[in-house]
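One structure below.
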Amino acid sequence: MKKIYLFSFLLTFLCTTQAVRAQRTIYHRIQLSISPEKLEYLFNHGLEVDHFGYENKQDFTAEVSEQDVALIKRNGHRVTYLIKDLEKNYTAINREIDRQAALDRKTARLATASTPTNFSLGTYAGYYSYAELPAILDKMRTLYPNLITVKTSIGNSVGGRPLYMVKISDNPDVDENEPEMLLNALHHAREPVSLSQLIFFMWHMLENYASDKEIRTLLNSSEIYIVPCVNPDGYVYNQTTNPTGGGLWRKNRQANANGTFGVDLNRNYSYNYARDNTGSSPTPSSDTYRGTAAFSEPETAALQTFAAQRQFVTALNFHSYSNACIYPFESLNPNSNVELATFRNAATYMTVENGFKIGNAFETVGYTANGTAPDWEFGEQVAKSKMYGFTPEIGTSADGFWPASSRIIPLSQSMIDMNRKFLRISTYYGRATVSQPLAVTQASGTLAYQFQNFSIKPTSYTVSATSLSASVTAVGAANTHSGLALLQTTPGTIAFTVAAATPAGTSLPFEVAVHNGLSVIKDTVTLLYSPSCGAPVGLAAASVTETSATLSWSAVSGATSYAVSVKPRSTTAWPADVNVSGTTYAAFALTSNTDYDWRVKPTCGTYATGTFKTLLQTCFTENSGQVVFEAENFKTAVVGTGTAAGRTWSSVAVGTASGGQAMAASGTGINLQNSLVGPRLDYSVNFTTTGTYYVWVRMAAGTSGTTDDSFHLGLDGTAVTLNPNTSNYNNGNTAWTWIKAAGTTAFKVVVSTPGSHTLNLWMREDGTRVDKFILTTRSTYTPTGTGPTSSAACGGSVTSSSVVGQPRLGVDNESTPTMEVLAYPNPFVETITVKTVPNGQSSSLRLLQTNGTSVSQSTIPGTASETVLSTKSLPGGLYFIELIRDNQRRVIPVLKQ
């Protein structure tokens with residue numbers, strides 16, 4: 001007897017297995033290149049692809065049956081197989097994706113939505129089996145009995161399996177007069193991520209109700225009905241055929257008259273049912289078979305009855321895949337939906353974060369579909385209420401119908417913002433955002449806000465404010481906002497009064513509440529009491545250098561602090577203010593030779609503005625214990641005082657000088673001995689090497705009777721020696737000589753700290769001329785000729801007044817005035833301006849590369865003072881400005897950034 005039973009069992013098992021194999025349709029992931037016109041032809045002639053990628057209107061990627069592959073090939077198209085027999089290979093492919101995801105997780109950035117504490121992957125390749133679903137719903141009820149109902153069923157499937165339903169709300173067991181919405185998943189059995197992300201979102205709502213005021217308001221203001229699995233038979237069938245995931249059965253398990261199985265539940269709804277044979281199929285074996293009549297299937301009939309019993313405002317029908325948000329009418333192209341603008345605005349709003357493509361079926365997935373849930377939800381408005389239905393298609397073509405288990409949580413996280421926004425538009429939800437500025441300048445203040453309605457169904461809201469400060473003695477009445485369209489905003493104000501004795505700077509916190517008739521959501525905003533105390537006066541800029549300035553102003557009565565900002569005059573936007581407690585502000589990191597605007601206001605008043613200009617940058621960088629610079633490249637020149645009043649240093653053209661230019665002291669008949677009242681030259685040097693520096697000066701006595709040549713040197717304003725016998729001089733020699741010592745005493749300075757220092761040169765006697773300076777830590781160093789080239793300027797830029805290259809051409813008369821040339825900005829970007837003093841003679845101007853090649857050439861008329869060169873197309877690097885006039889040649893190095 002046992003043998004007979006065993007034989008019967010084996011026979012039944014083999015027959016069932018053979019039947020399942022006989023029913024199995026093989027699917028492949030393919031790719032082909034095809035035009036839109038030819039693709040549309042295939043759809044009109046039987047192609048049943050329901051999801052695909054179509055990049056650049058040429059590259060078509062989809063998961064299709066062997067029958068669809070045959071159809072494509074019959075029409076002359078070449079197919080590339082990305083994955084053959086998806087069901088057979090899904091597990092191995094997803095295992096590799098999971099392995100790579102585990103490696104990538106080490107460097108992955110934190111997700112915007114955290115994973116709920118109670119969410120975990122299921123036993124069905126990471127997804128939930130149908131048997132796990134009731135246990136999850138039971139656990140939710142056990143943990144949150146005040147937010148979710150006990151599971152019930154709205155009906156049974158073809159195979160007698162219950163269509164579970166729960167409701168989430170603040171009073172779940174009470175049928176309240178609140179907006180209702182419907183969420184469902186798994187119309188199609190091969191789209192398991194639709195269920196997983198729905199469970200993820202349900203846990204998100206339940207776990208965050210107590211701490212998230214938005215979730216709390218949404219659940220207090222609505223009733224959310226959820227049917228997690230619309231097609232349990234098809235879902236269980238996939239688990240039977242492919243227990244490790246990857247089953248591609250789509251329809252329910254209805255036994256059709258011709259021996260085939262299944263009806264596409266998302267083609268079985270009544271609105272535009274069977275409109276054509278492209279959007280659904282009359283063939284029972286087809287994946288898009290629509291059934292024998294609208295609502296012929298117990299699953300869709302149960303949803304029909306359920307909707308007739310409720311007053312649903314909206315619906316989300318979760319599917320996969322395509323990363324799209326589809327709205328009605330899916331059956332039409334073009335879309336003649338009378339509320340198309342509303343659907344488009346809502347879909348745009350919901351998909352800002354996840355970037356889903358929006359539109360009807362044709363606009364998003366490339367084909368029409370009739371008899372679908374969203375079309376019925378919105379189109380049928382007699383037997384039930386009008387529902388704004390949407391279909392999110394979750395996942396990319398790379399995910400396919402069965403994303404790897406490592407993709408379940410990221411895909412679920414990508415839906416959180418969209419799902420939350422769906423709740424906002426489904427119920428009565430509005431927010432009031434307090435407008436800027438947040439300062440109160442008078443005792444009679446106004447709290448200004450922008451109110452926005454998020455509900456797709458217009459309603460009335462009340463916005464009120466409550467003071468949380470004793471300094472506010474009265475607050476105005478609440479405002480009502482009603483009749484606003486979806487996402488429409490409108491301004492509002494609420495007046496209040498500040499107590500007379502309130503000091504400036506007092507914080508005034510308010511609680512702003514929005515009441516939708518069902519629930520209140522509150523936000524706290526703090527205003528600052530800042531009665532106006534006027535604008536500062538006495539604005540001044542002192543200690544201005546190439547890169548800094550000290551700004552000051554007179555104190556303002558009643559002010560406790562001030563806001564200051566500085567900007568180049570060439571720009572229009574002010575940077576953020578810096579708050580200071582005193583009446584001075586040190587501005588740093590400025591650009592040399594630049595006009596600046598600055599403004600200052602007390603926190604209780606208004607702005608006053610001032611201007612200043614930074615000095616031309618003339619600073620040199622020491623390198624490896626040596627720095628070299630031309631005498632004419634001084635940072636500042638100070639006029640003499642006392643017995644040397646009016647005496648100055650001036651630039652003179654000297655053919656034998658380094659670069660053709662030197663500095664000479666003015667006047668005759670003066671000998672100041674040890675007094676430091678003579679005119680002074682200052683040179684800025686940035687030292688990185690500390691220690692003793694030996695100073696070499698290339699100098700000469702003057703001609704025409706001014707042959708005296710004595711001067712004093714110093715560092716940072718302090719003279720090193722004032723002994724006339726050891727002063728630096730050249731015994732009246734008019735030839736250029738390198739001077740290191742007076743007699744046998746070497747002149748030297750000690751740099752004890754790195755950074756910026758100033759070398760000083762005071763005139764002691766008339767007739768002094770200086771050409772070049774060398775500071776070196778090498779005591780045995782001796783320069784020759786005109787010495788080495790000048791060191792680099794500070795910050796890598798080159799001062800615009802430096803002279804390099806050859807001396808003036810054909811000039812030997814020292815009385816010829818020097819041709820002054822300035823090039824700015826330096827460094828430059830798109831343009832550079834070359835400026836000179838006109839003398840009636842035209843000037844030849846060239847911009848040269850370092851190898852001497854000319855990249856730009858022009859002429860400056862004798863009456864013009866400047867010209868602008870366009871340098872936008874030039875690569876970055878060092879260039880030279882060459883100007884030739886009156887047989888004089890000036891060469892200036894400039895840097896392109």
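Taken together, the values in this text are just the output of simple stated rules run on the coordinates, not laboratory data. On a predicted model such as this, the values are computed, not experimentally measured, just so you know. So basically every Cβ, Gly included, is an ideal-geometry build from the backbone, and we count neighbours across all protein chains shown.
Taking a point 7 Å out from the Cα of Tyr81 in the direction of its Cβ, the residues of the range 27-41 whose backbone N falls within less than 13 Å of it are 27-31. Dividing the mean sequence gap of close Cα pairs (under 8 Å, 6+ apart) by how many residues the chain holds gives a relative contact order of 7 percent.
The dipole here belongs to the chain: it is taken about the Cα centre, uses +1 on the Cβ of Lys and Arg and -1 on the Cβ of Asp and Glu, and is about 1080 debye. Rounded to the nearest 5, the antiparallel percentage of DSSP beta bridges internal to the chain is 85%. Shown is the FRET efficiency for Val382 and Gln897, computed with R0 = 60 Å from the Cβ-Cβ distance and rounded to the nearest 0.05: 0.25.
Judged by the gyration tensor of its Cα atoms, with axes a ≥ b ≥ c, the range 821-896 is prolate; a/c meets the 1.5 cut and a/b is the larger of a/b and b/c. Projecting the Cα atoms of Gly46, Pro783, Gly640 onto the charge dipole of the chain, computed from C-beta unit charges around the Cα centre, puts Pro783 farthest toward the positive end. Taking every full run of DSSP H in the chain, the ones that stretch at least 30 Å from end to end by Cα along their long axis and average 0.0 or higher on the Kyte-Doolittle scale are 2-23.
On full extension, the segment bounded by Asp138 and Lys357 gains 75.3 nm, given 0.36 nm per residue less the C-alpha separation. Is the shape of the range 540-611 best called rounded, prolate or oblate, per the rule: a/c under 1.5 gives rounded, else a/b larger than b/c gives prolate, else oblate, with a ≥ b ≥ c the square roots of the Cα gyration tensor eigenvalues? Prolate, since a/c reaches 1.5 and a/b exceeds b/c. With the Cα gyration tensor of the range 109-216 giving a ≥ b ≥ c as the square roots of its eigenvalues, does the rule (a/c under 1.5 for rounded; else a/b larger than b/c for prolate; else oblate) give rounded, prolate or oblate? Oblate is the answer for the range 109-216, as a/c is 1.5 or above yet b/c matches or exceeds a/b. Please grab the % of Cα pairs in the range 292-419 that end up more than 27 Å from each other. Tail fraction, whole percent: 21. With the charge dipole of the chain set up from +1 on Lys and Arg Cβ and -1 on Asp and Glu Cβ about the Cα centre, the Cα lying farthest toward the positive end among the listed residues Thr61, Thr278, Ala485 is that of Thr61. Placing unit charges on each Cβ (+1 for Lys and Arg, -1 for Asp and Glu) gives the chain a dipole about its Cα centre, and among Val834, Gly359, Asn335 the Cα reaching farthest toward its positive end belongs to Val834. Within the set (i) 111, 73, 71; (ii) 94, 83, 69; (iii) 137, 77, 58, the number that Cα extents along the principal axes in Å takes when calculated for this structure is listed as (iii). The gain in end-to-end length when the Gln58 to Thr689 segment is fully stretched comes to 220.6 nm, 0.36 nm per residue minus the alpha carbon separation.
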